[in-house]
Amino acid sequence: MAKKKQVKRKASSKSKKRKTSNFSKTISSMYKSMTERIGQMTIFIIILVILFVLLTIQLQRQQEIDISDFNLNQQSSRDEFVQTIAPTAQQLQTEYGVLASVSMAQAMLESEFGQSELASEHNNLYGVKTSPSDPEGVDYVTSEFVDNEWVEIVDRFKVYPNWDASMRAHAELLYYGTSWDSEFYEPVISADTPSEQAKGLQEAGYATDPDYANKLINLINQYDLQQYDLVETASVTPNNPNQPEAESSLEVND
């Protein structure tokens, strides 16, 4: 009996199309799924970025408000300090010839507008030193400009009962001079303008800061301290009846 030959039938074009169509659908579905996921992730990232930006803006605004409030409070405190010491500075100008603007600028610089520990707790507005043996003095670390560099040392400073007493002692120091030279601050007393008196303080060596005079002049201009200077001042001829024992110094680091 003759064997029948097996005849391979070619897949119909319809079957091929069906397989191709299923593959395309699978790829299309996968692409669509990935696109949706990527799209969702992109949207999520965009939302996070927007939230981060909004949060950053809010924090910056809050920081600006805090800084603004701090600056306003600081300025208010400084203005109050100026108004507090002005009458005493004017009175001392009539007695000792130290211009009120210069006396005030020194107090502002040396005491950080009355906020330094030496000023707030011990009423020393001018960084005035005292004898190492002074039982009522206090020791503080202070910065001095020596050999073209700033160095820190511990020194003893005068203690006063109040700010008025500190201001008077300062005027007397400039008027009467030091224990070793009654005319030590003559460049200050003989000067007629705020800038000249400020330069006289530096020339006499009140502070070791090489920029001391400029700092005083800047404060005088910034706060318009010349408005407190009296037209007529005392006629000063330094003498030495009651010599103060205190010495001058640079500002104190708390």
Might you let me know whether the range 156-170 holds any residue that is touching a Ser or Thr at 6+ places or on another chain (Cβ under 6 Å) and farther than 26 Å from residue 80 by Cα? yes
Just for the range 175-190: of the residues that are small (Gly, Ala, Ser) and surrounded by fewer than 21 Cβ atoms within 10 Å (Cβ to Cβ), which one is nearest to residue 97 (Cα to Cα)? 190
What's the number of the condition residue 98 fails, among (1) in contact with a Ser or Thr (Cβ under 8 Å, 6 or more places away or on another chain); (2) assigned to a loop (DSSP other than H, G, I, E, B); (3) under 18 Å from residue 82 (Cβ atoms)? (1)
Only one of 88, 56 is modelled with pLDDT of 70 or more and either loosely packed, with under 10 Cβ neighbours inside 10 Å or more than 25 Å from residue 165 (Cα to Cα) (or both). Can you tell me which? 56
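The values are calculated or read from the model by the stated rules, or taken from the named source; none is laboratory data. The structure presented is a predicted model; accordingly, all values stated were derived computationally and were not measured. Don't worry about glycine lacking a Cβ; one is built from the backbone with ideal geometry, like all the others, and counts go over all protein chains shown.
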